[in-house]
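Here the structure is laid out as structure tokens; the discussion comes afterwards.
Every number in this text was worked out from the coordinates using simple rules, so none of it is lab data. The structure displayed is predicted, hence computed values, not measured ones. Every residue, glycine as well, gets a Cβ built from its backbone with ideal geometry; the counts of neighbours run over all protein chains shown.
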Amino acid sequence: MALIVPFPAVRPAKDEAEKIAALPYDVYSRAEAYEKVKNAPDSFLAIDRPETQFAPDVDMYSDEVYAKAAEMLNDWIEKGRFIKDSQRFYYIYELTMDGRSQTGIVACASIDDYVNGVIKKHENTRAEKEQDRIRHVDTCNAQTGPIFLAYRADATISSIVSKTKSRKPVYDFVADDGVRHRCWVVDDMVTIALIADTFDKMDSIYIADGHHRAASAVKVGLKRREENPEFTGKEPFNYFLSVLFPDDELKIYDYNRVIKDMNGLTSEELFEELDSVAELISSSKEPIRPDKKGQWSMFLDETWHLYQVREELLSDDPVDGLDVALLQNLVLEPLFGIDDPKTSDRIDFVGGIRGLEELERRCAMDCKVAFAMYPTSISELFNVADAGLLMPPKSTWFEPKLRSGLFIHQI
């Protein structure tokens, strides 16, 4: 049963939300973060990426950098840029992009549910990436970036969300990328109890995005348990900041591949090898987007080619049947020699939000061939997680991105 609890959020004062709300810390390179904070010093990215407050040659993982994040967070609270709710509430967070909306419940999830598998994962995490957020959370004494969770749509939750959204939101702004953000506070005690009870009846919750943030928050919580052996389980560090969305409102974009060399193959040899695993459907100078599962399109020599995997090579396995796995197992490893896409420097990944034109641009700049994928579905993600398996790297790209700084959970 899923323990999803209300909490007293630290959140922006009404006239500060638009200035503070920031894209996740990990969508920026160090140089990009510097530039963003230089142009928008009120952005929460200044706290999420505190190295932006130092010279570029300062070690971004030094103690003084994390201490700066905590100092700035406390300073912004003291100056009234943030307020802290006096009671434990749920919050509603709606994001609208390109005319499509998704609405989640902002709450705290249990670290025990993460450990015991009620909250299910589909990705491995890397210790070095975890360590940065572990130190950030621990030093700031707060979780500043929400984990994107998904659940199977529920009529009770949908009804509560719909009723709440009929009221005036506490925040309503359009970010500079065109995404509209609206938020509401659920402060009715009967409704709060109903939300908690409804989630308590769910067997599984799924991490959609934010595996490293989740793992880091959980490890800080476990560390604090060791430091406080008399803990009761009610302390804030036993929970991590989340936004939970119904599966029927989510959209996963394609996550495409660009390859930097031909692994010694000529174009003719590549076409010949591909013919044994996939049927060539069509070719065009104009971009071709795969329109069903089992397809990919390849951009080579300034031409697009649409392929359909041969029927006998498809798989019912939750992982091996994924389109990204089919491409990896049938093409990238045997033909291009890319055994491990996580570590190979001969492959790069391009989120579908950038469009197929970005694949053409990369092939004109630093790559030889690109593959456009059919998006992984949310049901495929659930099937992999339910089987206790892991997806290949870069299988899913979610949009729109949750903003950091709108809701903070102090621990």
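Key figures
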quantity: 3J(HN,Hα) from dihedral phi, region 327-333, Karplus parametrisation 6.51/-1.76/1.60, rounded to Hz, x for glycine, proline; calculated: 5, 4, 6, 9, 10, 5, 6
quantity: From phi via Karplus (6.51, -1.76, 1.60), per-residue ³J(HN,Hα) for region 46-52 in Hz, x at Gly/Pro; calculated: 4, 8, 5, 10, x, 4, 5
quantity: Of the GluC sites (Glu not before Pro) in region 172-243, those whose Cβ has at most 13 other Cβ within 10 Å and which sit in DSSP loop; calculated: E230
quantity: Amide hydrogen neighbours beyond the local backbone of F231, cut-off 5 Å, H modeled; calculated: none
quantity: 0 to 90° range, to nearest 10: angle between helix 30-39 axis and the chain longest Cα axis; calculated: 50
quantity: Degrees separating the helix 127-140 axis from the principal Cα axis of the chain, which is the longest one; calculated: 20
quantity: Members of K342/K368; K165/K223; K129/K401; K36/K163; K36/K79 lying beyond 31 Å, as alpha-carbon distances in this model show; calculated: K165/K223; K36/K163
quantity: Residue-averaged [θ]222 nm for the chain, counting only DSSP H segments that reach four residues, each worth -39500 (n - 2.57); calculated: -9000 deg cm²/dmol
quantity: Largest-first ellipsoid semi-axes for region 30-76, taking √(5λ) over the Cα gyration tensor eigenvalues, angstrom; calculated: 15, 15, 6
quantity: Cα pair distances of region 53-184 binned at 10 Å [whole percent]; calculated: 9, 28, 35, 25, 4, 0
quantity: Degrees between helix 63-78 axis and first principal axis of the chain (Cα, 0 to 90, nearest 10); calculated: 50
quantity: Those GluC sites (Glu not before Pro) in region 285-350 that DSSP places in a loop and that have at most 11 other beta carbons within 10 Å; calculated: E302
quantity: Between region 20-62 and region 131-201, the alpha-carbon center distance in angstrom; calculated: 25
quantity: For the chain, projected area of the alpha-carbon convex hull averaged over all directions, nm²; calculated: 21.1
quantity: I353-L314 pseudo-label distance in nm [points 7 Å out on the Cα-to-Cβ vector]; calculated: 3.1
quantity: Cα gyration tensor, region 255-374 - rounded (a/c under 1.5), prolate or oblate; calculated: rounded
